[in-house]
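Worksheet: one structure, shown below.
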Ligand code: DUC
Ligand code: ZN
Ligand code: ZN
Ligand code: ZN
């Protein structure tokens, strides 16, 4: 048996903050006991409570005095190795999950892609092949549905049964991932029956493509025009439409990467009506803005993603939505493309810049900074970054909390350490940082994945292949 005791830290979950020692056996959390009590001290001494001698193979004791002991982060939105715009996201499952661990994330849910004309199964098999044996931390899959037809709808039932319980559809990207309203309605009706959760990329892509064409015809080719054509109103309109379609279908809805305050208002209204409508935002929308898209010398391309960054005034509404639970989850939409050779594909035409930002390594720290800055409480930090994504996507309480029976995915977090974010020191396979130079209070010190040390006192001690595929149950967050 392998055992670990984490001693003397402040254990923070979505619901509690307690000074407790955590006992881990064979990859699972077995018990918590108030620090300094005889029960807790007995673990550290390697004795049972009955005073038996130290057992063979007694594992490590991690001193977490003065530190936080938090659940490993659950990033429910990543795109490792995603083919996009004639290139491919630069993090593999190996580099991306290692970077995630460095940043205190111990589970990712990545998006397998159905290509038009192919089956869901083909897409899912392809993503399993990319991930298997390569991940440092546990992983699961959502399925991007690009081609809704009778066969696809039947396959959705099978996927839900085998643990792929959420399906992304796109109201944007006509000709690539796009679904029309009829296809969306059919997929929603199916998920109302089989328990699946539709995740929506809510932007009116048909209208956006008209605006793109008109902007380029006017010679507006710089990255900042990406933000201008992908209008907040067209995010709000699509969000509204998706909510109504879900209501007609009687299905729950999860809107991904919400960036516009007008879209938050749509979600808030639907939730006030009692609908099972949920919203996710991402660190880039909370910390970055159209000012970044306007950076000179094509540097703005580093910040091209969809939905796009918005003017700064949207940020306050996103923070408010996170506090009022009109937004429930912060994921990264991690989809990195190098500036050199990838973002540069869009020089002279912003519509050819591959869409996506790196961030899987930065999320837990940025949200801790939000605690320091007073935007959210410590428990809300854990709720939006660990517990709710685990619940939303059917992995709780195995993932997302520190409790007896849970996987021992645990982060020892130093809330007082100071760091400066930089591409020079990050571990993502991308040649820039979206948060270059940002000062952050707080830093990951040690990370356990199912009890195994992946990061130990800021050294990588994990291995590719430790991470296991995690089938999921259906959404555990419904009204
Ligand atoms: N948005 C991005 O920024 N990248 C990948 C796909 C998406 O919807
Ligand atoms: Zn095929
Ligand atoms: Zn999207
Ligand atoms: Zn995405």
Review point. Restricting attention to region 311-326, does a residue exist that is within 16 Å of ligand 1 (Cβ to nearest atom), over 16 Å from the mean Cα position of the chain (by Cα), in a helix (DSSP H, G or I) and buried (at least 20 other Cβ atoms within 10 Å of the Cβ)?
Key: no
Review point. Inside region 58-98, counting only strands (runs of 3 or more DSSP E) that do not spill past its ends, which hold 2 or more residues that are crowded, with 20+ Cβ neighbours inside 10 Å and at pLDDT 95 or above?
Key: 68-71, 73-78
Review point. When residue 115 is evaluated against the numbered criteria (1) within 16 Å of ligand 3 (Cβ to nearest atom); (2) at pLDDT below 95, which criterion, by number, is the only one it fails?
Key: (1)
Exercise for review: Keeping to region 99-143, report how many residues are out of contact with any helix residue (DSSP H, G or I) (no Cβ under 7 Å at 6 or more places or on another chain), assigned to a helix (DSSP H, G or I) and free of Cβ contacts under 8 Å to residues at least 40 places away in the same chain.
Suggested key: 6
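Which residue out of 245, 234, 216, 185 is in a helix (DSSP H, G or I), without any contact (Cβ under 8 Å) to a residue 40 or more places away in the chain, touching a helix residue (DSSP H, G or I) at 6+ places or on another chain (Cβ under 9 Å) and away from ligand 2 (no atom under 16 Å from the Cβ)? Don't jump to the end; show me each part of the working.
On the way: 245 fails: without any contact (Cβ under 8 Å) to a residue 40 or more places away in the chain; 216 fails: without any contact (Cβ under 8 Å) to a residue 40 or more places away in the chain; 185 fails: without any contact (Cβ under 8 Å) to a residue 40 or more places away in the chain.
The unique qualifying residue is 234.
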**Study point:** Pair list, Cβ < 7 Å and 6+ apart or interchain, from region 350-364 residues that are closer than 19 Å to residue 98 by Cβ to residues that are part of a helix (DSSP H, G or I) and within 14 Å of ligand 4 (Cβ to nearest atom)
**Key:** 357/284; 359/283; 359/284; 360/96; 362/283; 363/283
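I'd like to verify a number: residues in region 397-426 that are over 19 Å from residue 17 (Cβ atoms), in contact with a helix residue (DSSP H, G or I) (Cβ under 8 Å, 6 or more places away or on another chain) and crowded, with 17+ Cβ neighbours inside 10 Å, how many?
First, pick out the residues of region 397-426 that are over 19 Å from residue 17 (Cβ atoms): 398-399, 405, 407-408, 417-426.
Remaining after also requiring in contact with a helix residue (DSSP H, G or I) (Cβ under 8 Å, 6 or more places away or on another chain): 398-399, 419, 421, 426.
The next check asks that each one be crowded, with 17+ Cβ neighbours inside 10 Å; those that pass are 398-399, 421, 426.
Of the residues in region 397-426, 4 are over 19 Å from residue 17 (Cβ atoms), in contact with a helix residue (DSSP H, G or I) (Cβ under 8 Å, 6 or more places away or on another chain) and crowded, with 17+ Cβ neighbours inside 10 Å.
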Study note, to complete from the structure: residue 150 fails exactly one of (1) away from ligand 2 (no atom under 16 Å from the Cβ); (2) over 29 Å from residue 208 (Cβ atoms); (3) loosely packed, with under 14 Cβ neighbours inside 10 Å, namely (1)
Revision key, fill the gap. From the option list 290, 307, 239, 281, single residue qualifying as surrounded by fewer than 20 Cβ atoms within 10 Å (Cβ to Cβ), modelled with pLDDT of 95 or more and within 16 Å of ligand 1 (Cβ to nearest atom) is 290
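The values are calculated or read from the model by the stated rules, or taken from the named source; none is laboratory data. Nothing here was measured: the structure is a model prediction, and the numbers come from that model. In this analysis, Cβ positions are derived from the backbone assuming ideal geometry, glycine residues included, and neighbour counts consider all displayed protein chains.
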